[in-house]
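Inspection log for the structure reproduced underneath, given as C-alpha cells.
Coordinate-derived values only; no laboratory data. The structure presented is a predicted model; accordingly, all values stated were derived computationally and were not measured. Methodologically, a virtual Cβ is constructed for each residue, glycine included, from the backbone with ideal geometry; neighbour enumeration extends over all protein chains shown.
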Amino acid sequence: MRHCDPCSIDLSGDLDRCPLCGSVLEGEATPAAFPVSTAEAPAMAARRVLAAVTGAAAVALLIAAWLVPLRPWPVALMMVALVVGYGFLRNVMAHSPDFVRIAERYFLVLLAMAVLWWLAAGSGLVASLVIPGICLGGLLTNTALVVAFREAFVRDYAKYLLYSLLLGLAPLLLLPLNAAPWPWLIYASTAAAALLALTLLLLARKQLKAELRKLFSA
C-alpha cells in the first residue's frame, strides 16, 4: 500500500501521486478495494465512433464542396444538419430515454433537417409536402397517444405536446412567403394542430393546466 507523508494517509491502487496534495507516494502499489468499473466502456466507444463518423462526414462534405464546387450557404446548412444529428444521437446514447421521448425528439430533428433542406434548396416541394407532412405525422401520432393514455401521457410528455402544437402551426408562415405552391398539406397540418388542442381540452384539461403551470412557473 502506498503512503502520503504530508497527508498521513495510505492509498490502495496504482496511484503515483496523492489525489489530495499531489505529493509523490511512497511504498508498493496494491490492488484497489473496488475495481474500476468498465460499464461505461461500450457507451464511450459508441460515442467515439459516432464522433468519428460525424467528423468523417463533415470532411467528405467539405471535399465534395471543393470538388463540385457547391455554394457556401448550402454547405453551411448541411454542416449544421450534421451537428444537429450528432447532438441528437449523442443525447440518446448518454441519457437512454424511453422510446416515446426518442420518437418525439426525432420528430423535432426531422423537422429541423427539413427546414434546413428548404433553406438550402428553396424547393417548393419541400415547403409544400415535406415540412407540413412531418408536422402532420407528429400531430396525428400525438393525438392518438393522448386518446389512448390521456392524462398519463400529458403528465409525462406535456413539453413535447406543446412543441408539436406550435410547430404544427409553423408551416402557415410559408404561405405569406409564397414558398408552397401546393398548400393543401399545410392546411391539413393546421387542422391536425386544432384537433390535438381540442383533444387535450376534452380528455386531459386538468392535467394539461397542471403541467403548463409547472413548465411556465417561475
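Are there any helices in the chain, counted as whole DSSP H runs, that stretch 24 Å or more along their axis by Cα and score at least -0.5 on average by Kyte-Doolittle, and if so which? Length and hydropathy pass: 41-67, 72-95, 99-121, 131-149, 151-169, 184-203. If you run the Gaussian network model on the chain, springs between alpha carbon atoms under 10 Å, then out of Ser128, Ser23, Ser189 the most flexible one is Ser23.
Based on DSSP H segments of at least four residues, each scored -39500 (n - 2.57), the chain has a per-residue ellipticity at 222 nm of -23000 deg cm²/dmol.
Quick check: from the Cα gyration tensor, does the chain come out rounded (a/c under 1.5), prolate or oblate? It comes out oblate by the Cα gyration axes.
Taking the Cα centre of the chain as origin and assigning +1 to Lys and Arg Cβ atoms and -1 to Asp and Glu Cβ atoms, the resulting dipole is close to 1160 debye. With contacts taken as Cα pairs under 8 Å at a separation of at least 6 residues, the chain carries a relative contact order of 14 percent.
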